[in-house]
Amino acid sequence: MNTIIIVPCYNESNRLNSNEFDKFAKLNPDIKFLFVNDGSKDDTVNVLLKMVSANSSFFLLDLKNNVGKGEAVRQGVIHSLDSFDNVDIIAFFDADIATPFSDLKSMIIIIEKGEYYMVTGCRFKRMGGDIERRYSRFFLGRIFATFAANILKLPVYDTQCGAKLFKAEIAKVIFEKPFISKWLFDIELFARIIVNYGYVNAKSKILEFPLTEWKDVRGSKLRVKDILRQPYNLYKIHNFYKIKKLIK
């Protein structure tokens with residue numbers, strides 16, 4: 001199947017591991033990468049231009065202004081569906097490769113089987129897994145995830161993992177309109193599947209894939225003031241999508 005992976009990039013020149021991307025792409029010629037430069041102020045666009053010139057599976061969408069991760073991913077999805085032929089799977093994947101390529105490949109194999117609308121990484125710390133998260137992030141993440149699951153009325157453990165894959169026809173629908181939240185667009189993706197395909201389908205056709213490895217890479221763009229805004233953004237999502245009324 002033809003897979004397009006969107007990689008949003010904002011000031012990633014010091015974190016982009018071009019060799020790892022190149023190695024994976026050469027081993028998987030049916031997978032294309034669309035790097036979306038989200039108005040970076042450092043040398044990211046030049047790094048990406050070099051990567052694109054060296055590998056025919058790499059493509060670049062250069063946004064001149066910073067629009068935020070959610071909108072950068074959304075524009076990448078729309079661009080991919082408009083520009084590439086016969087796209088079967090659309091995904092997005094963080095530029096820092098916190099999720100290993102081995103897990104990404106496993107997730108692709110799962111969604112190729114056609115049973116699920118969406119496969120999303122789950123950073124579940126457990127025996128046999130190598131999940132490294134700073135305690136402060138883990139603690140805040142669990143509190144946040146509890147509120148998010150309550151809003152969605154889904155037993156989701158990790159809404160915010162930066163590796164998510166979709167059937168192309170599903171992506172076309174749920175990425176069509178701009179998100180109402182800059183940082184919590186991941187939650188909106190779950191909500192949009194409920195709104196467009198029903199609660200029962202959302203509950204049975206979204207799979208959380210337990211990652212075998214995940215590294216908490218330094219350099220997050222999320223600032224303290226952004227974190228403080230999130231309760232209000234959760235409230236906005238709750239009011240906008242009205243999930244509770246859709247459950248029958």
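Take the conditions (1) basic (Lys, Arg); (2) within 22 Å of Ile4 (Cβ to Cβ); (3) in contact (Cβ under 8 Å) with a residue 40 or more places away in the chain; Lys177 misses just one of them, which is (3). Of the strands (runs of 3 or more DSSP E) lying entirely inside region 95-168, those containing at least 1 residues that are at pLDDT 95 or above span 118-122, 163-167. Scanning region 142-164 for residues that are over 14 Å from Phe190 (Cβ atoms) and within 16 Å of the chain's Cα centre (by Cα) returns Gly162, Ala163.
The values are calculated or read from the model by the stated rules, or taken from the named source; none is laboratory data. In this text, all values refer to a predicted model and were calculated from it rather than measured experimentally. We place every Cβ from the backbone using ideal geometry, glycine too, and count neighbours over all the protein chains shown.
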